[in-house]
Amino acid sequence: MKLEVQGATRIYGATRALDGLTLSLPDARILVLIGPSGGGKSTLLRVLGGLETVDSGTVQVNAHHLLADPAALQAYRRKNGFLFQQFNLFPHLSARKNITLPLEKVHRHDPAKARSMADEALDRFGLLEHADKLPAQLSGGQQQRVGIARAVAFSPEILFLDEPTSALDPEMTAEVLELIQELAEAGQDIILSTHEMGFARAVADHVAFIASGRIEECGPPASVFGSPASPLCQRFLSRVMRY
Amino acid sequence: MTRRQHIANFGVAVALAAAVGWLCTLVLGQLDNQTDWSKAWDYREALCNGWLMTLGISFAALAGSIVFGLLFLLGQRSPLPVVRWTCRAFLEFVRDTPLLVHLLFGYFVIFAPLISRPLADAGFQDKVVIGILLLSVFQGAYLGEILRGGVESIPKTQWDSARAVGFSPVQVYRYVIFPQALRRVLPAIAGLFVSLIKDSSLLSVIGVSEYFYNTKNFISRSYAGLEGYIPLALGYLALTLPVAWLAHWLEKRFRHET
């Protein structure tokens, strides 16, 4: 995928979530966003995923120029998958129905086809036995995996994952990270924000360190984790890697 | 329960039964066996017609209040500030003034001079139609607020997730927000529908011959008392209890689901 972000600024009330952020990656496969909470990771993901627009600056993802046009953004979102920290699933629908509903209503597949696509996605991640359960009957890790199954059921261009394991215990974190790694190895383009540094290092081909709404450091994981140039990034890494 | 609570419970039960029994003896003793149920039987046709009219008004106003409720909800969530503020002001006005005033003012001052003649020409009973309309607006105002509360109680991630899978704004409401919001506000809506049925009795002030109006006529013509009021209460209970039961049943069903 190709990313071109120029001087992106997004202001919520008094805080500048993105502050003239510039990022240029001609060819990335797995981009991992790291950095302190409140630094702008989520906002950047939401902007790249077409859920928010910038107040100023330009954003281009692959061939799509993301402008403040609701219809165009909706069409863009239909091409991508997005997963949040938690509560992704619609609680009144079974796991399977969570996947078939967008396939039927957004992608216009007939019910039989949607069902077979959903079962295929659930089967792929070993979730088929939970197909008829409601989200409340699934563990947090299973919920996130169903959420990912929903996001990839229609082969998205890019899969966006916003701290997908932050609300999970270590065991569930592992099961979700394994699944993401599997997707990455299968060739899925992914942009992900996370606090799991080991995972970022193992799976990313590009890592961006974001703080105060700007990219402080961006490059292959070996150089960002091995020899960070920015003092902010050095301090952040030395703090989070200490334990 | 502990042993002492058992004893206390029994004691209170006996005291309550005695109090109710005493009150009943007092009231019935005063009536002095003048109750004459044949009077009610003589007026059965008028009472039945009134009851059916109340049933019809309730159903029509129920449908109407859903329409107005949805309109008020959407109006309050409109992106245009002028629509939002107009809606807000209208709702505040409707909710803070008595239904009795709406009916008298709405019928005699606004609608009767405007549309009574065309309605009558088209073969409608103008009082009934206008009464249903005014009742629908009044209950719709409350329903709109209940629905708004339900919609706004749905967490932000649900809106985000619905948008992220590519739903259009209409689909977001239809497939994700409404099904969840309705479950949450069902008890409140049931309560509202029960009070809608009871409030339909106020339509008697503009001369709609519904159950209360016909019963009142029967009582004043035949000097009946208990023979009128007891069927009146039972008639309304026959309408409101099924609604309350249905609501409890739905509530229980949905609770198991989530």
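No lab work stands behind these numbers, since they all come straight from the coordinates. Computed from a predicted structure; not experimentally measured. Neighbour counts run over all protein chains shown; Cβ positions are idealised from the backbone, glycine included.
Multiplying each eigenvalue of the alpha-carbon gyration tensor of segment B:101-215 by 5 and taking the square root yields semi-axes of 38, 17, 11 Å, largest first, rounded to whole angstroms. Global dimensions of segment A:34-87 from alpha-carbon coordinates: Rg and Dmax equal 11.7, 33 Å.
Percent of Cα pairs in segment B:42-257 per distance bin of 5 Å, from zero to the largest separation: 1, 7, 12, 15, 16, 15, 12, 9, 6, 4, 2, 1, 0, 0. Going from the residue with the fewest nearby Cβ atoms within 10 Å to the one with the most, A:THR22, B:THR240 rank A:THR22, B:THR240.
Shown here: segment A:155-243, whose C-alpha atoms stretch 38, 29, 23 Å along the first, second and third principal axes, sorted largest to smallest. For the peptides A:111-119, A:203-211, residues were scored by their other Cβ atoms within 10 Å and the scores averaged per peptide; the highest-first order is A:203-211, A:111-119. Whole-percent P(r), the protein assembly as shown, all Cα pairs, 10 Å bins from 0: 4, 14, 19, 18, 14, 12, 10, 6, 3, 1, 0.
Put in order of Cβ neighbour count within 10 Å, fewest first, the listed residues B:LEU241, B:LEU135 become B:LEU241, B:LEU135. Dipole magnitude for segment A:119-243: about 680 debye, using +1 per Lys or Arg Cβ and -1 per Asp or Glu Cβ, origin at the Cα centre. Protection proxy ranking, highest mean first, for peptides B:122-133, A:42-53, A:220-231: A:42-53, B:122-133, A:220-231, where packing is the per-residue count of other beta-carbon atoms within 10 Å, averaged. Taking a ≥ b ≥ c as the square roots of the eigenvalues of the alpha-carbon gyration tensor, segment B:1-102 is classed oblate because a/c is 1.5 or more while a/b is no larger than b/c.
Taking the Cα centre of the protein assembly as shown as origin and assigning +1 to Lys and Arg Cβ atoms and -1 to Asp and Glu Cβ atoms, the resulting dipole is close to 540 debye. Based on Cα contacts under 8 Å between residues 6+ apart, chain A shows a relative contact order of 27 percent. Cα centroids of segment A:93-128 and segment A:1-24: 35 Å apart. Legend: mean number of C-beta atoms from other chains within 10 angstrom of residue C-beta atoms, peptide A:80-93, equals 5. Placing +1 at every Lys and Arg Cβ and -1 at every Asp and Glu Cβ, with all other atoms neutral, what dipole size does chain A have around its Cα centre, in debye to the nearest 20? It works out to roughly 460 debye.
If you wrap the Cα atoms of segment A:115-164 in a convex hull and average its projected area over all directions, you get 3.6 nm². Say the dipole of the protein assembly as shown comes from +1 at the beta carbon of Lys and Arg and -1 at that of Asp and Glu; which of A:LEU134, B:PHE108, B:LEU133 then lies farthest toward its positive end? Positive-most Cα among the choices belongs to B:PHE108. The Rg/Rh ratio of segment A:31-188, with Rg taken over Cα atoms and Rh as the Kirkwood radius over Cα pairs, comes to 0.96.
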